[in-house]
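The values are calculated or read from the model by the stated rules, or taken from the named source; none is laboratory data. Just so it is clear, the model here is predicted, and its values are computed rather than measured. No Cβ is skipped: glycine too gets one built from the backbone with ideal geometry, and neighbour counts run over all protein chains shown. With ligands, DNA and RNA removed, areas are computed over all heavy atoms of the protein, side chains included. Shrake-Rupley method; radii C 1.70, N 1.55, O 1.52, S 1.80 Å.
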Amino acid sequence: MAEATHGIGGLTFDASKRNLPPEAGVAIALVLIVVVFEVLGRILMNDSFLFNTRENIDGIFNVARLQIIILQVSIIGIIALGVTQVILTGGIDLSSGSIVAATAMIAMSFAQVGEINGMENTRAVFGSGWVDLPVILPVVVALACGMAAGLINGLLIAYTGIPPFIATLGMMVSARGVAKWWTAGQPVSFPTESYAAIGSGMMPVFVFVVLAILFHLILRYTVYGKHTYAIGSNEAAARMSGIKVARHKVLVYTIAGLLAGVAALVLSSKNLTAQAGMGMMYELDAIAMAVIGGISLQGGRGSIPGTVLGAMIFGVIISGFTFLRLDAYYQEMVKGAIIVGAVVLDQWRQRRAAAKA
Amino acid sequence: MASDMQTDISGANAPHPSGDIGDVVLRTEGLTKHYGGVHALQDASFEIRKGEHVAIMGDNGAGKSTFVRQITAVEQRTGGKVWFDGRYVEFDGPLEAREAGIETVFQNLALADHLDVPDNLFLGREKVLFKLGPFSILDYKGMREATLAGLEKTGVKIPNIRNTIQHMSGGQRQCVAIARTATFHSKLTIMDEPTAALGVQETAQVENIIRTLKEQGEPLILISHNMRQVMDLCDRIVVFRRGRVCANLRKEETDGQDVVSYITGAKTQDQYADAA
Ligand SMILES: Nc1ncnc2c1ncn2[C@@H]1O[C@H](COP(=O)(O)OP(=O)(O)OP(=O)(O)O)[C@@H](O)[C@H]1O
Ligand SMILES: [Mg+2]
């Protein structure tokens with residue numbers, strides 16, 4: 001039907017000239033940012049950002065730097081996968097960072113060893129009877145905690161009608177409280193070897209990539225995905241078409257909580273400790289990744305590949321700043337500006353699309 | 001909850017409609033909807049029989065769309081009774097109404113901007129390759145083919161069904177909404193101002209779709225401000241005024257002038273006089 005001349009008003013339609021997907025724009029931005037750091041590096045540092053410049057190592061690229069970039073974004077990236085789905089429905093989730101902390105504290109308590117260097121572990125949260133448990137237990141506990149927190153978010157939003165911003169803000173404060181209360185502020189440490197394996201090495205990247213692919217397929221090819229987009233696109237229409245909007249929202253927020261639970265597992269395992277203050281501001285970083293990746297805060301538009309690219313941009317910028325030896329203060333200032341810039345860009349795209357229609 | 005309310009009309013607990021239910025497809029008695037202090041719909045009694053095409057007319061704000069939203073359970077009614085397809089119903093939501101066989105073109109069209117034509121046609125009842133609860137796998141190919149068939153059947157032309165609704169003209173969007181009702185087999189079709197945004201050709205097309213429904217004996221409730229269209233297509237005209245039914249006119253016993261005087265309130269039928 002490519003060449004057919006039809007349609008209302010007898011307009012012609014040229015199928016070969018389709019608009020580029022928005023993800024393409026994000027990918028181009030990623031490349032441009034890398035190029036900027038490469039050029040700045042050559043000029044200011046006399047070093048390459050991307051390429052290997054050391055004599056003693058083979059290879060074209062600076063593999064170590066690339067690994068660090070994806071490693072440092074992958075844990076927040078896992079959260080961003082859930083936040084993406086929430087934003088697609090037109091909602092927001094401010095609670096993920098706190099859920100990570102509370103979940104990590106609780107799960108880690110089920111993953112402690114009984115003996116440290118031959119001495120009894122006196123810091124075990126549940127005493128000596130609840131140590132050296134099979135790793136499946138803390139994993140299940142983590143997933144259950146994350147889901148429970150997400151479920152509460154979802155029920156509040158879907159059935160009381162309060163804005164997602166408020167509901168998840170409440171959860172953000174409460175979950176942080178739970179994290180502190182759990183051990184009266186003490187960190188939980190000394191996990192079993194099998195627990196420590198969950199987040200060791202490049203495992204966080206592996207988990208992130210697998211989950212990204214999984215949720216991309218789910219959003220693209222299942223009824224769940226279609227309804228997620230439909231609700232964000234036009235909630236009233238979704239309701240009139242018979243979609244159970246409230247029930248669907250509960251599911252979306254529960255999945256977001258579940259993913260925060262996964263992030264808690266990976267993070268506490270990687271750090272070999274859980275602290276009440278961990279995951280601070282992760283929710284904002286995750287939202288930033290989604291927004292940079294082209295997920296519209298108004299809902300209905302964006303995709304998981306976009307968020308993954310957004311996470312990469314996020315990682316490249318942080319890594320680039322470190323490479324240029326800029327202070328962490330500047331990093332935060334620029335991070336804030338990028339988030340606002342991405343939202344402005346989205347609004348602008350939206351207006352342009354509206355003007356074209 | 002709703003399913004156990006849907007007692008058979010002859011069941012002991014079901015409220016009995018006054019009079020013979022016979023070949024009535026939909027009947028309402030005393031249907032009422034208040035939005036806070038706004039009495040958008042008051043005591044609306046209405047019925048439509050098999051094969052009948054009934055027009056609802058009335059001024060802006062007369063309560064026509066409100067009436068539709070109560071029947072289709074988009075909103076929960078304040079009061080009144082509804083029978084559909086031989087049983088008393090209290091639908092729990094729009095999905096139940098659709099599944100029971102009521103297809104509706106809503107005045108605001110109820111389309112999702114960022115989705116394409118097949119997605120919109122099948123919104124809320126997607127074709128799936130295999131069932132997995134909410135994670136059932138979508139049958140994109142099947143939906144595309146059914147969409148093309150549906151568009152073909154209705155003569156509606158859309159340049160490219162893979163385009164999102166967002167970029168379509170008002171008329172094209174309306175065509176998508178109409179094609180949606182025509183694609184599914186239904187026991188009752190409701191169209192709320194289906195030709196309001198359409199050009200001459202497209203209006204004729206929609207009117208043809210309506211005539212086809214008539215030939216197939218499928219009942220229709222048509223809400224329209226277009227007198228010629230109503231006189232052309234419908235057997236009966238029910239007039240709403242200020243949230244109440246004020247006239248029920250057989251086409252052969254009335255004319256445009258007469259209908260207008262009911263719409264403006266210059267006349268009221270005797271049986272509705274005390275209510276008004
Ligand atoms: N959700 C609501 N809250 C408050 N008032 C409402 C609501 N929906 C409708 N109304 C009011 O109910 C009345 C009837 O509205 P309705 O949409 O049914 O009119 P209508 O007959 O369909 O008019 P039109 O021909 O313009 O479509 C109007 O006065 C409207 O303002
Ligand atoms: Mg109306």
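Below are the figures for this structure:
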item	result
Residue order for B:D119, B:D255 - accessible surface, 1.4 angstrom probe, largest first	B:D255, B:D119
Probe 1.4 Å - accessible area at B:L95, Å² to nearest ten	40 Å²
Reachable lysines, given that their alpha-carbon falls under 16 Å from the alpha-carbon of B:K81 and they are not under 8 places away in the same chain	B:K33
Whole-number accessible area per residue in Å² for segment A:14-97, which is evaluated in the context of all protein chains at 1.4 Å	52 Å²
Percent antiparallel among DSSP beta bridges (both partners in the protein assembly as shown, rounded to 5)	65 percent
Computed over chain A: relative contact order in percent, which uses C-alpha pairs under 8 Å that are six or more apart	29 percent
Exposed trypsin sites (Lys or Arg not before Pro) absent - longest run of chain A, DSSP non-H/G/I/E/B, at most 11 other C-beta within 10 Å	A:55-324
Chymotrypsin sites (Phe, Trp or Tyr not before Pro) restricted to segment A:117-192 and DSSP loop, no more than 12 other C-beta within 10 Å	A:F126
Neighbourhood charge, 13 Å Cβ-Cβ cut-off, centred on A:Q186 and excluding it, Lys, Arg +1 and Asp, Glu -1	+2
Ranked by how many other beta carbons lie within 10 Å on average, peptides B:71-82, A:140-151 from highest	A:140-151, B:71-82
Protein accessible surface hidden between A and B, which excludes ligands and nucleic acids, total in Å², probe 1.4 Å	3100 Å²
Heavy-atom accessible area order for A:L284, A:L309, B:L222, largest first, 1.4 Å probe	A:L284, A:L309, B:L222
Probe 1.4 Å, accessible area per residue of chain B, Å²	43 Å²
Calculated P(r) of chain B - Cα pairs past 27 Å, %	41 percent
Gained length - A:R247 relative to A:D132, 0.36 nm times residue gap less alpha-carbon distance	37.5 nm
Carbon/sulfur fraction of accessible area - the protein assembly as shown, other protein chains in place, 1.4 Å, %	59 percent
Between segment A:153-220 and segment A:330-351, the Cα center-to-center distance that results, in Å	25 Å
Lysines whose Cα lies under 24 Å from that of B:K251, excluding same-chain neighbours fewer than 8 positions away	B:K50, B:K64, B:K187, B:K214, B:K267
Drop in accessible area of at least 50 Å² in the complex versus isolated chain, residues of segment B:136-159, 1.4 Å probe	B:L138, B:Y140, B:K157, B:P159
Accessible surface, segment A:243-311, averaged per residue in Å² (probe 1.4 Å)	27 Å²
Cα gyration tensor category, rounded, prolate or oblate, for segment A:22-356 with a/c compared to 1.5	oblate
